[in-house]
Amino acid sequence: MTTSHESPHRMDPAGGCPHADNARLLAEGAVASVVLPGDVAGMAVLGHDALKEFLAHPDVAKGAEHFTALRDGEIPDGWPLKTFATVQGMTTADDANHRRLRSLVSKAFTARRVEELRPRIETVTAQLLDGLDEAARAGDGVADLRRHFALPLPMGVICELLGVDAEHQDRLHHLSNQVVSTSIGPEEAVAANRELVAVLGTVAATRMESPGDDLTSALIAAREEDGDRLSQHELIGTLLLMIIAGHETTLNLITNAVRALCAHRDQLELVQSGKASWSDVVEETLRWDSPVSFFPFRYPTRDLTLDGTVIPKGTPVLAGYSAAGRDKAAHGPDADRFDITRSGGARHLSLGHGPHYCLGSPLARMEATIALDRLFTRFPELDLAMAESDLPRHASFVGNSVQELPVRPRA
């Protein structure tokens with residue numbers, strides 16, 4: 001029996017490409033001791049099978065009351081990861097409370113409502129492709145695909161779904177970027193959280209005064225059979241979760257898929273010739289370059305042994321999605337290879353597993369599939385305008401992508 005790797009791995013707050021570190025850690029075992037920003041001790045579950053077991057384990061909780069160091073007053077207010085632990089909503093709720101919140105959200109997030117967004121997503125995609133083309137023409141043939149296409153598509157869709165006015169969208173993206181950053185200073189972290197809560201409070205107040213056919217209005221109106229409803233803190237926490245999860249992850253998914261296809265033109269040719277589907281591209285991107293690298297936090301409610309390693313009760317644990325996606329024990333010896341025709345092997349865990357499986361996964365898949373299809377139909381020769389190795393990475397070990405993606409839409 002071990003207590004994980006011999007020396008803890010220090011998580012780099014500046015982010016960077018996770019795959020080399022992941023491979024090194026996975027070679028030592030499926031569970032690693034880590035040092036979080038601020039010298040907070042934690043652990044990460046990296047192996048696919050171990051992560052799958054951990055995510056659905058009955059003795060693993062999400063509520064911050066189970067985080068020993070936080071409960072004992074050892075975590076400062078400006079700790080950059082504190083929002084992940086303390087936000088009130090589905091991601092920090094357990095058992096009956098989690099089921100109540102998820103039920104309220106899922107009532108307003110039905111398959112019908114998602115499918116009804118398809119024509120709007122297609123229209124917005126076409127408009128954004130026009131904008132990408134214009135930006136490239138104005139920029140010597142080069143435009144930032146992330147800024148002009150991959151970001152405004154999911155941000156616009158989730159804001160439309162939530163009934164958030166367009167005037168708030170740029171600010172919400174900036175603030176949610178601050179919240180998921182792991183390299184931010186304490187004062188900035190506190191200020192970003194405070195402002196994000198204030199903006200979402202304004203959104204909620206507007207919808208309370210004039211309800212519409214949107215998710216925020218539906219959440220406010222939603223009742224369970226016993227008359228239970230979202231509290232104000234839960235409403236704001238749920239909106240915060242959906243704004244961040246609803247655009248940051250899909251933004252990274254689209255960005256990472258374009259990067260992968262530009263680096264693997266043979267795979268792009270398979271789709272363009274009809275030998276594979278855009279859905280295949282989306283699923284392989286989710287596995288090979290997960291939009292979320294390490295997601296905070298879960299806490300064992302007792303000392304838990306996972307793959308022969310003890311995770312002590314109350315330890316903050318990161319879910320290592322980017323590592324699990326390339327775990328050779330689960331995905332085969334060629335797990336490092338981007339292959340959209342991959343069959344057999346384990347299914348990726350990048351949209352979660354167990355009771356907290358991503359509610360928005362059908363929307364994310366639909367957005368990414370439409371975006372990639374229309375992008376490469378319009379610009380079949382699209383390619384990167386900068387070497388992959390020179391692309392500036394996210395300043396976070398939570399999100400896994402690049403900060404910008406300069407492309408040449410036309411050959």
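The values are calculated or read from the model by the stated rules, or taken from the named source; none is laboratory data. Predicted model, so just to flag it, every value in this text is computed and none were measured. All Cβ positions, glycine included, derive from the backbone under ideal geometry; neighbour counts span all protein chains shown. Remember, those area values only see protein heavy atoms, side chains included, never the ligands or the DNA or RNA. Shrake-Rupley method; radii C 1.70, N 1.55, O 1.52, S 1.80 Å.
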Might you work out the accessible area of residue 377 for me, using a 1.4 Å probe with all protein chains in place, and round it to the nearest 10 Å²?
-> 100 Å²
What percent do you get for the relative contact order of the stretch 1-158 when only Cα pairs under 8 Å and 6+ apart count?
-> 12 percent
Provide 74, 284 ordered by accessible surface of protein heavy atoms (probe 1.4 Å), highest first.
-> 74, 284
Using the Cα atoms as the points, what is the convex hull volume per residue of the stretch 1-77 in Å³?
-> 127 Å³
Which shape class applies to the stretch 177-219: rounded if a/c is under 1.5, otherwise prolate when a/b exceeds b/c and oblate if not, where a ≥ b ≥ c are the square roots of the Cα gyration tensor eigenvalues?
-> prolate
Within the stretch 151-177, the residues whose backbone N lies under 12 Å from a label point placed 7 Å from the Cα of residue 195 along the Cα-to-Cβ direction are 170-177
From DSSP H assignment alone, runs of 4+ in the chain each adding -39500 (n - 2.57), the sum over residues rounded to the nearest 500 puts [θ] at 222 nm at -15000 deg cm²/dmol
So, in Å, what gap is there between the alpha-carbon centers of the stretch 51-79 and the stretch 135-198?
-> 28 Å
Given 0.36 nm per residue, what is the gain on full extension from residue 336 to residue 118 after removing their alpha carbon distance, in nm?
-> 75.2 nm
Counting alpha carbon pairs within less than 8 Å and at least 6 residues apart, what relative contact order, in whole percent, applies to the stretch 253-405?
-> 29 percent
Taking a crude spin-label model, label points 7 Å out from Cα along the C-beta direction, the residue 166 to residue 187 distance in nm is 3.6 nm
Lysines within cross-link reach of residue 275: Cα-Cα under 30 Å, excluding same-chain residues under 8 positions apart?
-> 328
For the stretch 308-325, Karplus couplings with θ = phi - 60° (6.51, -1.76, 1.60), whole Hz, Gly/Pro x | x, 10, 7, 10, x, 3, x, 6, x, 10, 8, 8, x, 5, 5, 6, 4, x
With a/c under 1.5 counting as rounded, go ahead and sort the chain into rounded, prolate or oblate using the C-alpha gyration tensor (a ≥ b ≥ c being the square roots of the eigenvalues; past the cut-off, prolate if a/b is larger than b/c, else oblate).
-> oblate
Roughly how many nanometres apart are two label points built 7 Å out from the Cα toward the Cβ at residue 59 and residue 403?
-> 4.3 nm
Arrange the residues 174, 98 by how much accessible surface each exposes, largest first, with a 1.4 angstrom probe.
-> 174, 98
Tell me the label-point distance for the pair residue 358, residue 231, using the 7 Å Cα-to-Cβ offset, in nm and rounded to one decimal.
-> 2.9 nm
How much of the DSSP beta bridge set in the chain is antiparallel, as a percent to the nearest 5?
-> 75 percent
In the stretch 98-142, which residues have a backbone nitrogen under 16 Å from the label point lying 7 Å from residue 377's Cα in the Cα-to-Cβ direction?
-> 118-130
So how much accessible area does residue 168 have, in Å² to the nearest 10, using a 1.4 Å probe?
-> 40 Å²
Along the stretch 144-154, Karplus-curve 3J(HN,Hα) (6.51, -1.76, 1.60; θ = phi - 60°) to the nearest Hz, with x for Gly and Pro, reads 7, 4, 5, 6, 8, 9, 5, 7, x, 5, x
Taking the Cα centre of the stretch 11-117 as origin and charging only Cβ (+1 Lys, Arg; -1 Asp, Glu), how large is the dipole, in debye to the nearest 20?
-> 620 debye
Over 25 Å (Cα to Cα) among 82/313; 52/107; 107/313 -> 52/107; 107/313
How much of residue 167 can a 1.4 Å solvent probe reach, expressed as accessible area in Å² and rounded to 10?
-> 140 Å²
Scoring the stretch 294-340 by relative contact order with C-alpha pairs under 8 Å, at least six apart, yields a percentage of 33 percent
Just the number, please: percent antiparallel of the DSSP beta bridges in the stretch 1-152, rounded to the nearest 5.
-> 75 percent
Exposed trypsin sites (Lys or Arg not before Pro) being those in a DSSP loop with at most 12 other Cβ atoms within 10 Å, the longest stretch of the chain free of them is 1-222
Starting from the Cα-Cα distance between residue 389 and residue 111, subtract it from 0.36 nm times their residue separation and give me the gain in nm to one decimal.
-> 96.2 nm
Can you bin the stretch 261-371 into rounded, prolate or oblate? Criterion: square roots of the alpha carbon gyration tensor eigenvalues sorted a ≥ b ≥ c, rounded for a/c under 1.5, prolate for a/b above b/c, oblate for the rest.
-> prolate
